[in-house]
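**Q** Submitted below is the structure of interest, expressed as structure tokens.
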């Protein structure tokens, strides 16, 4: 895992959030089981550039053990913060050749992240699914 030591706590929190928002299903692996997810997560954080301070604030507001309920409440009360968090975890996920065929590039990750963050909002609008972390 290539994580800058000063940011290890934030990285671990992003992995926790990814495990809730992208738990996997019959056709997609869980985000945290994707072999290159840690490296791609670091890249996704770099790619957001000017939005890194918003990501830092959002992660400071979320508990270390953020579950489905905490993320839903955060999405309802801090939609901009949730959007950047969702864009990072989903952007990293969908940049992986394990998940897609490798056609997603860093230049398109923001657009992809925005559409996937809409999916994340939709996931949070329904009840937690059985067997998923909530």
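**Q** Could you check, for the range 15-22, whether at least one of its residues is without any contact (Cβ under 8 Å) to a residue 24 or more places away in the chain and assigned to a loop (DSSP other than H, G, I, E, B)?
**A** Among the residues of the range 15-22, not one is without any contact (Cβ under 8 Å) to a residue 24 or more places away in the chain and assigned to a loop (DSSP other than H, G, I, E, B), which makes the answer no.
**Q** Pick out the one residue from 106, 112 that is touching a helix residue (DSSP H, G or I) at 6+ places or on another chain (Cβ under 7 Å), surrounded by fewer than 18 Cβ atoms within 10 Å (Cβ to Cβ), on the phi < 0 side of the Ramachandran plot and at pLDDT below 85.
**A** Selected residue: 106, the only one of 106, 112 that is touching a helix residue (DSSP H, G or I) at 6+ places or on another chain (Cβ under 7 Å), surrounded by fewer than 18 Cβ atoms within 10 Å (Cβ to Cβ), on the phi < 0 side of the Ramachandran plot and at pLDDT below 85.
**Q** Would a scan of the range 29-44 turn up a residue that is in a helix (DSSP H, G or I) and free of Cβ contacts under 8 Å to residues at least 12 places away in the same chain?
**A** There is at least one residue in the range 29-44 that is in a helix (DSSP H, G or I) and free of Cβ contacts under 8 Å to residues at least 12 places away in the same chain.
**Q** Determine which single condition residue 64 fails, assuming it passes every other condition in (1) at pLDDT 80 or above; (2) closer than 17 Å to residue 31 by Cα; (3) part of a loop (DSSP other than H, G, I, E, B).
**A** If we test residue 64 against (1) at pLDDT 80 or above; (2) closer than 17 Å to residue 31 by Cα; (3) part of a loop (DSSP other than H, G, I, E, B), just (2) comes out false.
The values are calculated or read from the model by the stated rules, or taken from the named source; none is laboratory data. This is a predicted model, so every value here is computed, not measured. Heads up, the Cβs are rebuilt from the backbone with ideal geometry, glycines too, and the neighbour counts pull from every protein chain shown.
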